[in-house]
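Trainee: Before I ask anything, here is the structure I am working with.
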Amino acid sequence: MITMDDIIRDGHPTLRKMAEEVVLPPSEEDKQILNSLLEYVINSQNSEIAEKYGLRPGIGLAAPQINVSKRMIAVHVNGDRDELISYALYNPKIISHSVEKAYLKSGEGCLSVDESIPGYVPRYARVTVKGFNADGKEVKIRLKGLPAICFQHEIDHLNGIMFYDHINKDNPFKPIEDAVEID
Ligand SMILES: O=CN(O)CCNC(=O)c1cccc(Cl)c1Cl
Ligand code: NI
């Protein structure tokens, strides 16, 4: 299982690399990696397991964060009306997005960033993501709210982008024009 010892931290070059597409059908190794990403996120949200293994909680995880520069992500998060959004995807891609922006009022955090970096992170309010699930089947997912934000945070990791890259340096809490604020 993945623990915090496996998570690389800001400054490690892999976090700034463009991750490679996963060759499909996936190898046994890539299957195991994809599964371990989702397993971490679920474990990290279970207070007993998280406490036992010292896991920092997360709603998503990307392969580069465990020093695997491949295009794989996992997301496990409650959407609107507590609808569970749970996916582990190969080669995820945002194929369309709203003009409208959104941001989390509380900002964002990252397992690969030990300190908290305050500020609004402008994201698209709604995205359509295409990817391949664990069975190699193509999936197309329409997302809004916190799940949409989370997928963008994870896909950024595949492109060597960290959440704080998006924060306004002069005024981190500068209101974002015409954006939806998410609590
Ligand atoms: O890349 C994934 N992580 O670093 C896991 C830890 N961060 C979070 O769970 C988290 C927290 C707040 C907002 C977003 Cl969008 C995310 Cl993703
Ligand atoms: Ni992160």
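The values are calculated or read from the model by the stated rules, or taken from the named source; none is laboratory data. What you see is a predicted model, and the numbers here were worked out from it, not measured in a lab. Backbone-built Cβ (ideal geometry, glycine too); neighbour counts: all protein chains shown. Areas reflect the complete protein model, heavy atoms only, side chains present, ligands, DNA and RNA absent. Shrake-Rupley method; radii C 1.70, N 1.55, O 1.52, S 1.80 Å.
Trainee: Regarding the range 81-90, can at least one residue be identified that is surrounded by 20 or more Cβ atoms within 10 Å (Cβ to Cβ) and more than 15 Å from ligand 1 (Cβ to nearest atom)?
Mentor: Yes, the range 81-90 has at least one match.
Trainee: If you don't mind, another one. What's the number of the condition N78 fails, among (1) within 22 Å of M162 (Cα to Cα); (2) within 14 Å of ligand 1 (Cβ to nearest atom)?
Mentor: Every condition holds for N78 apart from (1).
Trainee: Another question, then. Please tell me if R81 is more than 27 Å from P13 (Cβ to Cβ), more than 16 Å from ligand 2 (Cβ to nearest atom) and within 16 Å of the chain's Cα centre (by Cα).
Mentor: No, not satisfied.
Trainee: Here are L89, L61, L111: which of them is within 16 Å of ligand 2 (Cβ to nearest atom), in contact with a Gly (Cβ under 6 Å, 6 or more places away or on another chain) and in contact (Cβ under 8 Å) with a residue 60 or more places away in the chain?
Mentor: The unique qualifying residue is L111.
Trainee: Within the group S27, S36, S47, S69, which residue is hydroxyl-bearing (S, T, Y), over 17 Å from C150 (Cα atoms) and open to solvent by 80 Å² or more (accessible area, probe 1.4 Å)?
Mentor: One residue alone meets the criteria, S47.
Trainee: Those residues that are within 12 Å of ligand 2 (Cβ to nearest atom) and within 19 Å of V41 (Cα to Cα), I need them from the range 115-150; list them, please. So that I can check it myself, show each step before the final result.
Mentor: Residues of the range 115-150 within 12 Å of ligand 2 (Cβ to nearest atom): 117, 121, 149-150.
Matches in the range 115-150: I149, C150.
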